[in-house]
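Reviewing the structure listed below.
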Amino acid sequence: MSNVFKTAFLLTAMTLLLMLAGRAFGGQRGMLMALIFAAIMNFVSYFFSDKIALAMYRAQPITRDDLPRVYNIVERLAQKVGLPTPKVYLIPNDSPNAFATGRNPNHASVAVTQGILGLLTDDELEGVIAHELGHVRNRDILISSIAATLAGAITYLAHIARWGMIFGGYGGDRDDRRGGAIGALLMMFLAPFAAMLIQLAVSRSREYGADDTGAHWTGNPYALASALAKIENYSRRLPLVATPSTAHLFIIQPFLGGMSFGNLFSTHPPTAKRIERLTGRPADFLQ
C-alpha cells in the first residue's frame, strides 16, 4: 500500500469516525458539526502535523553556528543524495533519540535529542541522520506525521467522552442521555483501538527500509547498527517519555507514558532484528 493511499485512507477514516461520534453525541446536527471539525483537522494534519510533533517535544530550530556537528552532517548527506537540506531541530532531552517529520522532502525537518549528541560517535550519528533522511526520501514522513496528529485527536475524543459520562453533560431526556452515554461508552473503548489501528498503518517495514537506505548512503551499516544498540540500551536507563500517538516517529521507540501493554502497541520491529539485518550477525556481538 503506497503512502499516498495510506494518507488518503487515514484522513477518510478520521472523517468517518468523527462523524459517527458526532451523530452519537448530537444526532444530525452533531454529525454536521463533526464533519466541519474533520475538515479542519484534515487541513491541520496535512499542513501542520510536523510543527505539532516538534512542538510536543519542545524542539528548537538550530543553525550551523548553533550546532555545526549535526548541521554539517545533515547538509552533507542531503547534498550527497540529492535532497533539499531539511530544517534541523534540537530536542532538550537527555534521552538519546531522533525523528524526521514533514509533508514532503521540500518541507522536511530532522530532530535529534540533546542526549544523542554525547552518546554517539560522528560515524554513528551520521548513520542515525542517514536513517532519518531515508524516511524523507522514502516519503514516510507525511504518513507518520499525519498518523501522529490523528491518533492524538482520536485519543482526545475518548477523553472528552469519558468526562462527558462522568459529569453527565449530555442534557435532554432520559432516552437522550442513555443514547449519549452509550455513544460515549463506545468512544471510550473504540477510540483507543482506532488510534492503535492508525499507528499500525505506519508499517514496521518502513524502519527496515530507512535502515537499509541509511546504511547504503553512508556505506557503513555497522555504524548505524552500533548507534541503534547504544540508543536502545541507554534509553532503558533514561527513557524518553512519549505519547502513544507520536512514538512511531522516533528511530527507537520511546517509553509510552501511561501504557502497560508493552510490545502489543509497538510500531517498531525489535532492535535486535534491525541490527541483524544490517550486519548479518547476532545483535549481541555489539555488546
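One table, with the values for the structure above:
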quantity: Whichever aspartates and glutamates have a C-alpha closer than 17 Å to that of Lys273, once near sequence neighbours (fewer than 8 apart) are set aside; calculated: Glu207, Asp211, Asp212, Glu232, Asp284
quantity: Highest to lowest packing among 120-126, 32-38, scored as the average C-beta count within 10 Å; calculated: 120-126, 32-38
quantity: For the stretch 38-50, 3J(HN,Hα) per residue [Karplus equation, 6.51 cos²θ - 1.76 cosθ + 1.60, θ = phi - 60°, Hz, x = Gly/Pro]; calculated: 4, 4, 5, 4, 5, 4, 4, 4, 6, 9, 10, 4, 5
quantity: Other-chain or far-sequence residues with amide H under 5 Å of Arg103's (modelled H); calculated: none
quantity: Over 17 Å [Cα-Cα, the stretch 11-87], rounded percent; calculated: 64
quantity: Centre separation in Å (Cα based) which lies between the stretch 218-232 and the stretch 39-112; calculated: 20
quantity: Gain upon complete extension [Tyr46, Arg236; 0.36 nm per residue less C-alpha separation]; calculated: 65.1 nm
quantity: Debye log10 I(q)/I(0) at q = 0.15, 0.19 Å⁻¹ for the stretch 8-136, Cα point scatterers; calculated: -0.73, -0.96
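Coordinate-derived values only; no laboratory data. All values reported here derive from a predicted model rather than from experimental measurement. We place every Cβ from the backbone using ideal geometry, glycine too, and count neighbours over all the protein chains shown.
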